[in-house]
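Contents: one structure, followed by commentary.
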Amino acid sequence: MSEAIKILHSYWAYLVLLILILATFNAIIKTLSKSPYGAKDFRISLFTLIVSHIQLLIGIVLYFVSPYFSAFSEQGMGEVMKNSGLRLYLVEHPLTMIIAIVLITMGYSKHKKKLSSTKKFRMIAIFYALALILMLSRIPWSVWF
């Protein structure tokens, strides 16, 4: 079961990354061009929010069913922090991705409260770009390809 969830988490990550890049660049381009905020833009930002939250749920399930999780009880937190591989999978990756998804949620929430199109796009661009940078920094690239 752990392997199936890992595969789902890995493939769903491609979708999250793709739609997050699309939403970020859409917001940046439309901020700079001062385009009006439309239904398509709302759907892109909402879809980004939804797929990232689904990825978070899949990741939480994977976290607790993966063989890495037993390292906490077997070795303790001190040993996990000394091992760079375990630290990446058990601390850095989950914590960074949670922060990135919080940023996506904040950006989505804040953009809905803005009245002008430029301010809406700016909120999405800032928060989604920060989330994208965080995600790209902690993806385990060596096992992802």
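Please treat every number below as a calculation from the coordinates, not as lab data. Not measured: the values here are computed from a predicted model. Heads up, the Cβs are rebuilt from the backbone with ideal geometry, glycines too, and the neighbour counts pull from every protein chain shown.
Could you give the distance between the Cα centres of region 2-49 and region 101-137, to the whole Å? If you average the Cα positions of each part, the centres end up 11 Å apart. Based on every Cα atom in the chain, Rg and the maximum pairwise Cα distance Dmax equal 17.1, 56 Å. Overall, region 1-80 carries a charge dipole of about 600 debye about its Cα centre when +1 sits on the Cβ of Lys and Arg and -1 on the Cβ of Asp and Glu, all other atoms neutral.
Principal axis extents of the Cα atoms in region 83-143, from largest to smallest and rounded to whole angstrom, are 48, 16, 12.
Remark: relative contact order (the chain) = 34 percent; criterion is Cα-Cα distance under 8 angstrom and separation of 6 or more residues. Values of log10 I(q)/I(0) for region 1-81 across q = 0.10, 0.19, 0.25 Å⁻¹ run -0.40, -0.83, -1.09, by the Debye formula with one identical scatterer at each alpha carbon and no solvent. Listed from fewest to most Cβ neighbours within 10 Å, the set SER109, SER10 follows the order SER109, SER10.
Backbone phi angles across region 104-117, fed through the Karplus curve with coefficients 6.51, -1.76 and 1.60 (θ = phi - 60°), yield HN-Hα couplings of 4, 5, 5, x, 5, 5, 5, 5, 5, 7, 7, 9, 8, 4 Hz in residue order; Gly and Pro are listed as x.
With R₀ fixed at 25 Å, the C-beta to C-beta distance from GLU74 to LYS6 puts the FRET efficiency at about 0.80.
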